[in-house]
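The next block holds one structure in the form of structure tokens; read it before the comments.
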Amino acid sequence: QVQLVESGGGLVQAGGSLRLSCATSGSIFSILTMRWYRQAPGKQRELVAGIFSGGNTNYADSVKGRFTISRDNAKNSVYLQMISLKPEDTAVYFCYAQVPWGTNYWGKGTLVTVSS
């Protein structure tokens, strides 16, 4: 069982920055694929960024160059550094973990609001 707890959301002006954190429980963090998703009001949940156990990353086109995903295996945590935030980045951001054998886990989310 893996538990995920997000933090770091809040209200920020357009052009500002935020850093989201996702702390995980358990002892298998280093082999997890970790992802950040977001869901804006009235929209479907979408993938924002992912980082594999080996460190490779991928990003949605809408956030490339502005968001950076990273992980600290010693702290069992994954981060999402967000800069140059836009109002359209407003959403609930969810942490997601995928175990190699297929089990998935979700956090409860943290709200990011970007004002214009």
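The values are calculated or read from the model by the stated rules, or taken from the named source; none is laboratory data. For clarity, every value in this text was computed on a predicted model and none was experimentally measured. Positions of Cβ are generated from backbone atoms using ideal geometry, with glycine treated the same way; all protein chains shown enter the neighbour counts. Just the protein is used for accessible areas: all its heavy atoms, side chains included, with ligands, DNA and RNA removed. Shrake-Rupley method; radii C 1.70, N 1.55, O 1.52, S 1.80 Å.
With the crude spin-label approximation of a point 7 Å out along Cα→Cβ, what separation in nm comes out for THR68 versus THR103?
Distance between the two pseudo-spin positions: 3.3 nm.
Can you count the Lys pairs in the chain with C-alpha separation below 22 Å, eight or more apart or on different chains?
Number of lysine pairs found: 5.
Averaged per residue, what accessible area in Å² does the chain show with a 1.4 Å probe, protein chains only?
Solvent-accessible surface per residue comes out at 52 Å².
If you roll a 1.4 angstrom probe over the protein chains with everything in place, what fraction of the accessible area of region 32-116 belongs to carbon and sulfur, to the nearest %?
Here it works out to 48 percent.
Give the accessible area for GLU6 in Å² (nearest 10); use a 1.4 Å probe, count only protein heavy atoms, and leave out ligands, DNA and RNA.
Roughly 20 Å² of GLU6 is accessible to a 1.4 Å probe.
Please quote Rg/Rh for region 13-116 to two decimal places, taking the Kirkwood radius as Rh and restricting both calculations to Cα atoms.
Answer for region 13-116: 0.96.
Spin-label point model (7 Å from Cα, Cβ direction): what's the ALA40 to GLN3 distance in nm?
3.3
Rolling a 1.4 angstrom probe over the protein chains, ignoring ligands and nucleic acids, what is the accessible area of THR90 in square angstrom, nearest 10?
The accessible area comes out at roughly 30 Å².
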